[in-house]
1. Only loop residues by DSSP count here, and only those with at most 13 other Cβ atoms within 10 Å; note down the GluC sites (Glu not before Pro) in the range 96-179 that meet that.
2. Determine which lysines satisfy two conditions relative to residue 115: a Cα distance under 19 Å, and not lying fewer than 8 residues away in the same chain.
3. What whole-number distance in Å separates the alpha-carbon centres of the range 80-124 and the range 141-155?
4. Using only the Cα atoms of the range 36-182, what semi-axes does the equivalent ellipsoid have when each is the square root of 5 times a gyration tensor eigenvalue? Give whole Å, largest first.
5. For the residues 89, 128, what sequence is obtained by ranking on other C-beta atoms within 10 Å, fewest first?
6. I'd like the trypsin sites (Lys or Arg not before Pro) in the range 33-119 restricted to DSSP loop residues with at most 14 other Cβ atoms within 10 Å, sorted by number.
Amino acid sequence: MKKLLLLGVAVVLLASVVGFAQSADSAMTADKTPPSYDLKPQALLDMDQLHQKFVALAKAIPADKYTWRPGDGVRSVSELFLHVSATSYAMAPYFGGDKASGVDTKTLEKSTTNKDQVIQQLNQSFDYVHGALEKKTNDDLKKGVKEFGPEANAGDIVYLIIVDAHEHLGQAITYARINGIVPPWTADAEKKK
């Protein structure tokens, strides 16, 4: 009798978990609620903060470390920074920015190890994305981008650029710390303590 009761409880629990998972999954795909925040100014603020941190970190890393890489087949310091620039240049046209003239996003990542040139590219690429986004309205950012799927819109592309940059900022911080370099904003905060 106890086994039958336990089996019954197990079946009920399993059925409720499966039912909950199915209803949660259908609720997630059916939700078409627009964001509850103003995307454009938040994205501009985030991009500007990323810009400041990338350039500050790029300046803090000595020029002789720009060819350093954590292992074979992994991006070097210069390649990492230039990858961020290339991604910005490549993705911004999908949210309505003009194509950057004179930039080959396929070769940019390996185009130089010169610190000043890398920092110049970081500045130019962040300014480029900022300028392109500044010209858009939130309604522009709701427009579909079929290349990224039937549900994707221009705001999603802005989000992808920002998320990718955040990921690579973390990577750049790791590169710096492995090489004994404290990110400037962290060093500044430590001085204030």
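1. On the way: sites: 109, 134, 147, 151, 167; in loops: 151.
Passing both the DSSP loop test and the Cβ count: 151.
2. Result set, ordered by chain and number: 53, 59, 65.
3. A separation of 23 Å, based on Cα centres.
4. Details: eigenvalues 158, 47, 36 Å².
The equivalent ellipsoid of the range 36-182 has semi-axes of 28, 15, 14 Å.
5. Result, fewest neighbours first: 128, 89.
6. Of the trypsin sites (Lys or Arg not before Pro), the ones in loops of the range 33-119 whose Cβ has at most 14 other Cβ atoms within 10 Å are 99, 106.
The numbers here are math on the coordinates, done by the rules we state, and not lab data. Predicted model, so just to flag it, every value in this text is computed and none were measured. Reconstructed Cβ throughout: ideal geometry from the backbone, glycine too, with neighbour counts over all protein chains shown.
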